[in-house]
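Contents: one structure, followed by commentary.
The values are calculated or read from the model by the stated rules, or taken from the named source; none is laboratory data. None of these values were measured; they are calculated from a predicted model. Here the Cβ is made from the backbone with ideal geometry for all residues, glycine too, and neighbour counts use every protein chain on show. Protein only, heavy atoms only, side chains kept; ligands, DNA and RNA dropped before computing areas. Shrake-Rupley method; radii C 1.70, N 1.55, O 1.52, S 1.80 Å.
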Amino acid sequence: MQAEDQIRQDMVEVGRRIYQQGYVAANDGNISVRLNNTEVLTTPTGVSKGYMTTDMIIKVNLQGEVIEGTLKPSSELKMHLDVYRQRHDVHSVIHAHPPTATGFAVAGIPLNRFVLPEIIISLGAIPVVKYGTPSTDQIHLAVRDYLETHDAFLLANHGALTVGTDVFNAYFKMESVEHFAKISLVARQLGTETELDEQQVAQLLEVRKKLGVTGRQPY
């Protein structure tokens with residue numbers, strides 16, 4: 001496991017990236033990393049993710065109680081903590097509002113067509129999780145319906161959620177979600193998305209196994 005100081009630096013860097021990429025605006029979004037079985041680092045509420053410093057990051061326990069830090073955690077921390085309780089292989093969670101992917105979430109359209117080999121290998125289908133009021137238990141209870149089999153989710157009328165082995169792994173999945181959404185949108189505007197057939201998808205899943213891609217089986 002990385003040293004805590006390095007993890008904090010990585011969280012700041014990922015916050016900067018999601019802000020510069022336009023995946024969040026103003027003070028939106030939240031990032032967390034599980035340090036061990038009892039402690040989690042999380043970003044504060046009311047702070048732009050593009051302008052964070054390492055001392056702003058808060059340490060909490062799995063009940064969401066602040067152990068270290070002077071700022072307040074996001075009210076959506078409970079969504080992150082529930083992921084950690086359900087998936088012991090997950091060590092980082094990112095919630096953001098990438099515009100194109102969020103457009104699909106608002107439209108209620110999952111990104112589940114078999115069209116891009118890279119997405120089939122890395123992420124698979126990206127479902128739409130039913131709407132829940134932010135900061136309530138509704139969202140993480142809805143995420144649970146898909147958490148066993150997916151690492152990326154569209155949150156209806158809200159944004160996107162990705163989980164990973166570390167903060168960069170979760171971030172790159174968020175990048176892939178938005179990239180896939182942009183390509184899918186263009187293809188639909190042009191008239192169609194040509195899907196790969198069952199055999200082609202099976203071959204790509206075999207490639208996924210050989211590459212040792214981490215995360216849950218995506219279909």
Is it the case that ASP28 is within 17 Å of HIS95 (Cβ to Cβ) and among the acidic types (Asp, Glu)? yes
Do we find a residue being farther than 22 Å from LEU35 by Cα and of a type in the set (D, E, K, R) anywhere in the range 108-120? yes
When you look at ALA101, is it buried (at least 21 other Cβ atoms within 10 Å of the Cβ) and either among the basic types (Lys, Arg) or farther than 22 Å from ALA3 by Cα (or both), yes or no? yes
Could you pull out the residue among GLU175, GLU195, GLU206 that is acidic (Asp, Glu), farther than 19 Å from MET79 by Cα, open to solvent by 70 Å² or more (accessible area, probe 1.4 Å) and in a helix (DSSP H, G or I)? GLU206
From the set of residues in the range 40-86 that are in contact (Cβ under 8 Å) with a residue 24 or more places away in the chain and of a type in the set (D, E, K, R), which is farthest from GLY159 (Cα to Cα)? LYS59
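Yes/no per residue for (1) within 16 Å of the chain's Cα centre (by Cα); (2) of a type in the set (S, T, N, Q); (3) closer than 27 Å to TYR131 by Cα; (4) at pLDDT 95 or above:
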residue: ILE7; (1), (2), (3), (4): no, no, no, yes
residue: GLY29; (1), (2), (3), (4): yes, no, yes, yes
residue: ARG34; (1), (2), (3), (4): yes, no, yes, yes
residue: THR43; (1), (2), (3), (4): yes, yes, yes, yes
residue: LYS59; (1), (2), (3), (4): no, no, no, yes
residue: HIS91; (1), (2), (3), (4): yes, no, yes, yes
residue: PRO99; (1), (2), (3), (4): yes, no, yes, yes
residue: ALA105; (1), (2), (3), (4): yes, no, yes, yes
Restricted to the range 141-154, and to residues that are within 13 Å of the chain's Cα centre (by Cα) and touching a residue at least 60 places away in the same chain (Cβ under 8 Å), which residue is surrounded by the fewest Cβ atoms within 10 Å (Cβ to Cβ)? LEU147
Looking across the range 189-219 at residues that are small (Gly, Ala, Ser) and at pLDDT 90 or above, the single one that is farthest from ILE120 (Cα to Cα) is GLY191
Identify, by number, the condition in (1) more than 21 Å from ASP5 (Cβ to Cβ); (2) out of contact with any strand residue (DSSP E or B) (no Cβ under 6 Å at 6 or more places or on another chain) that THR54 doesn't meet. (1)
Among the strands (runs of 3 or more DSSP E) lying completely within the range 41-129, list those that include at least 1 residues that are acidic (Asp, Glu). 66-68
Scan (1) surrounded by fewer than 19 Cβ atoms within 10 Å (Cβ to Cβ); (2) over 14 Å from the mean Cα position of the chain (by Cα) for the single condition ALA125 breaks and write down its number. (2)
